[in-house]
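Report on one structure; see the data block that follows.
FYI, it's all coordinate maths here, none of it is from the lab. If you're wondering where the values come from, they're calculated on a predicted model, not measured in any experiment. Counting neighbours? That spans all protein chains shown, and the Cβs are built from the backbone with ideal geometry, glycine included.
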Amino acid sequence: MSETPEESLPFWEQPETVARFSGRDPDHRLQELVRDYPDPAATRVLDLGCAGGRNTVFLAERGFDVVAVDRSEAMLAETRTRLAGILEPDEIDRRLRRATMDHLEHIDDRSVDLIVAVGILHSAASRKEWNAALSEIARVLKPGGRLLVANHTDECDVDGHGLTRVPGDDPLYDRRSGRNFLVSAEVLDQEMDAHGLTPVVSTVTVRRETEGGGCRVTANGLYVRGPATTAEEARVLSAFTRIKARRTVIGAVALVLVIGLLFTLSFGQGPLWPIIFGSALSVPAVIYNLIWRCPACGRFLANHQGPFCGQCGVRLR
Ligand SMILES: C[S@@+](CC[C@H](N)C(=O)[O-])C[C@H]1O[C@@H](n2cnc3c(N)ncnc32)[C@H](O)[C@@H]1O
């Protein structure tokens, strides 16, 4: 039987595939995870392999600064159409990019708070592509940033036709959607670890039977990018430690002198020196706090968010 023009298109460009992925509900783990981000507008999320946009649209509707990447023109067109009612056209242009997961050059280092990589990483067709994709993820994530993953495992046989292993050492398999890199949950953790990504919760294997008589098996994980994985970050951390040490010393001396001052004022006795030194040191301590800058981006740190610089997101302690 000959193929229809639609069937001759690559799998991810076929209208039937686009419609199927577009019609799905947002990922249920993502729906939980967004509660951890109280300021969506200040939270950059990367939807890697956005397909028909179910997660991109969900995030955009909630005001997240979501950017999305996919290599399929048809999938991006669908996501674009669905975003039209939510974002202005130039904003949609900024958010969507046709790119592959191993080439995210348009995204800055350490700029993303959360990456959603649901059903995409196993699309790597070689060890080289797999490593490059994980390196890109580690590069663009902020230290402390998180990665939500669902990845088909080496037991995942969606069509029920069995898996065809590609000869060689790498865990590569040929499937209807192309050549894929399929690993168990345990191996996934090891691969992530090699790129500085640590599980936040234990990675679980989820099995579901498919209508075609097969079984969809995924490794579902949530990872965090650890601190100080590069020499630059190590430099920033040690600079910040020095700043904190100086602040602590100045603060402690100022506190002692202010207590001396209060004591003098309360009891009308004692030397005048606590007043002079207390004031002299308290003022620089206050000014020092005001001019306290992030060693990475140089911006004022008055608004740092927990352990992270509020401006560039670098981990400070
Ligand atoms: C299973 S779907 C992803 C589903 C989507 N994340 C979701 O949750 O609905 C896989 C998507 O990844 C895209 N894709 C496959 N390989 C890719 C690659 N190397 N780089 C970027 N996108 C890729 C496909 O075009 C497809 O849209």
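With the gyration tensor restricted to C-alpha atoms of the stretch 82-126, the semi-axes of the equivalent ellipsoid amount to 23, 14, 11 Å, longest first.
Distant-in-sequence amide contacts of residue 200, defined by a placed amide H-H separation under 5 Å and a gap of 5 or more residues or a different chain, comprise 222, 223, 224. The alpha carbons of the stretch 1-94 stretch over 55, 30, 19 Å along the principal axes, in descending order.
Sites listed here are GluC sites (Glu not before Pro) in the stretch 113-214 whose DSSP assignment is loop and whose Cβ has at most 10 other Cβ atoms within 10 Å: 211.
Here the extension length gained between residue 28 and residue 131 equals 34.3 nm, from 0.36 nm per residue of separation less the Cα-Cα distance. Phi-derived couplings, Karplus 6.51 cos²θ - 1.76 cosθ + 1.60 at θ = phi - 60°, listed residue by residue for the stretch 255-263: 5, 4, 6, 5, 4, x, 4, 4, 4 Hz, with x used for Gly and Pro. Among 173, 223, 37, a tally of other beta-carbon atoms within 10 Å of each Cβ gives an order, fewest to most, of 37, 173, 223.
When 92, 115 are arranged by Cβ crowding within 10 Å, least crowded first, meaning fewest neighbours, the order is 92, 115. Treating each Cα of the stretch 11-225 as an identical point scatterer and summing with the Debye formula, the log10 of I(q)/I(0) at q = 0.14 Å⁻¹ comes to -0.83. Straightening the chain between residue 262 and residue 246 buys 3.3 nm, computed as 0.36 nm per residue apart minus the Cα-Cα spacing. Of the GluC sites (Glu not before Pro) found in the stretch 1-94, those in coil by DSSP whose Cβ has at most 14 other Cβ atoms within 10 Å are 3, 6, 7.
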